[in-house]
Each structure stands twice: as structure tokens, then as C-alpha cells.
Amino acid sequence: MWALATYGLIAGSLLLAWRRSGRRVLDFFGLGIMRCYARLYHNLWIRRHADLPESGPALLVANHTCSADPAFLQACAPRTMCFLVAEEYFDIPGAGWLFRYMQCIPVARNGHDVTSVRTALRRLQNGRLVCLFPEGSLSGTGRGRMRITKRGAAYLALRCGAPIYPAFITGGPQHTHVPSAWLLPSRGGIVLGQPVDLAAYRGRRIDRKLLEEVGALLVRRIVALDPKGGKVQKTRPPMGENRYDRKRRRSRKKALSAV
């Protein structure tokens, strides 16, 4: 009898909280499930230097350590976020429906996907909280390193006009195996930083050099949040690179050192 009364009280409290939140049923309970999953199963701790806005457009940029990172980031957000997700994951039964419900943005891995950037800009214009991983793939943060950001992420940051919040994910599964990242418990943390100021870069002609400078700034602002102190990954020159490749690599190195 007491158990039934307790369950009824919990159900009534949840129903009242949902009615007061003004959110859709799936959004309200989905956020709660993600917070419980991240906080309890992965022992996630959150350190905030700034709070993500509860309404209005905003862009969240973070390092990418495992496939469960979106759940970790969603756990520290006051509303449902839409992520930029590799398009092949939309073909997974169940996951594809969830991505479409969240209005996530499919991204082609060909390095020339302009449609995804335009879609992300539309999401921001509609007042959504958009999250992306500027590296484009899993990083080497488990070894204290982070890759150079993709130019598409820098372009989106320049064009969006919304506040840009950096976040650093530390700990957690730190591997590429998708089922293990979600199913094996771990301990991780997230550090949310102050918005990145791009006023000095806006108004300039958008070219390769500007995108590399902005990308370098984003990487450094993310790495600066690492409580253990991280660094940008230093890659070796690939074998057989031509003169254009060497010039591009040197310009990126110069942009990183200038930020």
C-alpha cells in the first residue's frame, strides 16, 4: 500500500513538473533520462563558467572523445539540442527517428557538405541550440591532444551571429567502439566556458586564412578549459605532400601560434 502511494506521489510530481515546464512530453522526459544516464551511469560532473541560454539561438562547440558525447552535453543543457551527425547514422533504426525528432543535421563525410551548414544556420535562425564537434571526428583528447578544426565549423561560427559557447569533455569512455561507449560505465566531466568573441573577425572577407584563424581560436578556447591542461595535436607532415599541402600546413601552424 505504501509502495503504491509512493509511486503515485512520484508520478504526480513528475506530471506537475512536466505541465509547468511547457515542454513536449518526449522533450521533458528525454532530458531527464539523459541527465540520469550521464550523472549516475557515467558519474558526470559539470563545471560552469557560463550557463547555456534557455531560449534563443546559441552554438555549442566541443571536443569529441566518444559516441556518447552528445548525451553528456545534453545533460548540461536546459533544452533539447540539435547536433550535426554523420549522415550514415540516420539509417540506424530507432536512432534515425530520434535524430529527426531532435532536428539533428545530417553531415556528409566528403568534406564539401554545404547543405549541412545552411541547415544549421536555419536552425539557429529559428532559435535552436546547435551543437557541433569542430574536429569532425573523434579526437586524440584521451592522450591530451586535439585536432585542428574543420573549416566548415569556423564558417558556421562566423556566419551564425549567435553566442558561441566552448565546452571541454574530459574522462569518459575515451574510445571509438560505439556500444562500449554507451554501455560501459565510466567517470567523466564537462567544463563550459564563456562565449567566444569573434567581433575582431567579423566584417572581413571570408577566405581560407580567416577560417583557419577562427578555427584555431575555437580549438584553443576549447583546450583552455581542460582541467588537466591539454594541447593541440601536432601532426607529422604526410609522405608525398606537394607544395600546396606544405603551404597550407604552414599557414595553419602560423594561425595557431598567432591566436
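Where a number appears in this text, it was derived from the coordinates with a stated rule and is not lab data. From a predicted model like this one, the values you see are computed outputs, not experimental measurements. All Cβ positions, even for glycine, are placed from backbone atoms using ideal geometry, and neighbour counts span all protein chains on display.
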* **Neighbour-count ranking [beta-carbon atoms within 10 angstrom, fewest first] of T119, T65** => T119, T65
* To do: Give the order of R151, R47 when sorted by the count of other beta carbons within 10 angstrom, beginning with the fewest.
  => R47, R151
* Full-stretch length increase - R23, Y89 - with 0.36 nm per residue and alpha-carbon distance subtracted -> 21.1 nm
* Additional length obtainable on full extension of the chain from A224 to A200, 0.36 nm per residue less Cα span -> 6.7 nm
* Asked: Pulled fully out, how much extra length does the chain show between R48 and N110, if you take 0.36 nm times their separation in residues and subtract their Cα-Cα distance?
  -> 18.8 nm
* **G172 long-range amide H proximity, modeled H, under 5 Å** => R187, G188, G189
* **Distance in nm between pseudo-label sites at L40 and R100 (7 Å out along the Cβ direction from Cα)** => 3.1
* **Neighbour-count order for F90, F168, fewest beta carbons within 10 angstrom listed first** => F90, F168
* What FRET efficiency would be calculated for the residue pair K209, R122, taking the C-beta separation as r and a Förster radius of 35 Å, to the nearest 0.05? -> 0.80
* Structure fact -> At 4 °C and 1.567 mPa s, the Stokes-Einstein diffusion coefficient in µm²/s for the stretch 41-194, with hydrodynamic radius from the Kirkwood sum on alpha carbon pairs, is 82
